[in-house]
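These notes are about the structure you will find just below.
Nothing in this text is a laboratory measurement; each read-out follows from the coordinates by a stated rule. In this text the structure is predicted, and so the values were computed from the model without any measurement. A quick note on method: Cβ atoms are made from the backbone with ideal geometry, for glycine too, and the neighbour counts reach across all protein chains shown.
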């Protein structure tokens with residue numbers, strides 16, 4: 001009987017020490033899809049400073065980026081994983097309107113020597129970074145295109161399925 005009371009008292013003490021609050025590190029769907037602030041402070045409305053990251057889980061940290069037409073976009077991609085470029089390379093590719101992400105990524109499989117940008121399809125790309133591995137960063141600077149919605153993706157083989165998003169120009 002004393003052992004049972006001691007066990008219950010210990011459990012009660014543990015619950016009270018935790019404050020009775022449930023804590024978790026699990027992201028909700030809203031947390032995952034809520035874009036972080038992605039533009040420069042208001043003092044320079046002609047620039048959009050964008051940081052985007054991706055890890056060994058084959059996911060960008062954002063699926064939507066908004067900029068204003070004509071802004072100079074300075075985008076930096078950070079690979080927050082550990083895997084090398086040969087096995088888990090990531091890039092950022094912004095496609096022109098009307099370009100099929102499916103077709104582009106299918107062709108990109110054979111373009112390893114060109115950062116997975118298919119030869120002959122360069123005109124279908126507004127901007128892209130080089131392909132990077134774990135712990136590396138790559139940047140690209142370009143002028144935001146005309147108002148509209150554009151697709152962005154990682155063109156490393158097999159990544160497009162999970163690594164894609166919308167680039168919205170207002």
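Below, the figures for the structure above:
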item	result
Binned Cα-Cα distance frequencies in the range 36-169 - 10 Å width, integer %	13, 47, 33, 7, 0
Fewest-first sequence of 62, 106 by Cβ atoms within 10 Å of each Cβ	106, 62
Burial order of peptide ranges 140-151, 156-167 (average beta-carbon count within 10 Å, highest first)	156-167, 140-151
Hypothetical label at residue 149: residues of the range 45-88 whose amide nitrogen lies under 18 Å (7 Å Cα-Cβ projection)	62-69
Chain lengthening between residue 162 and residue 119 when straightened (0.36 nm per residue, less Cα-Cα)	13.1 nm
Euclidean distance of C-alpha centroids, the range 63-78 and the range 117-164, integer Å	12
DSSP bridge orientation in the range 36-169 - percent antiparallel, rounded to nearest 5	60
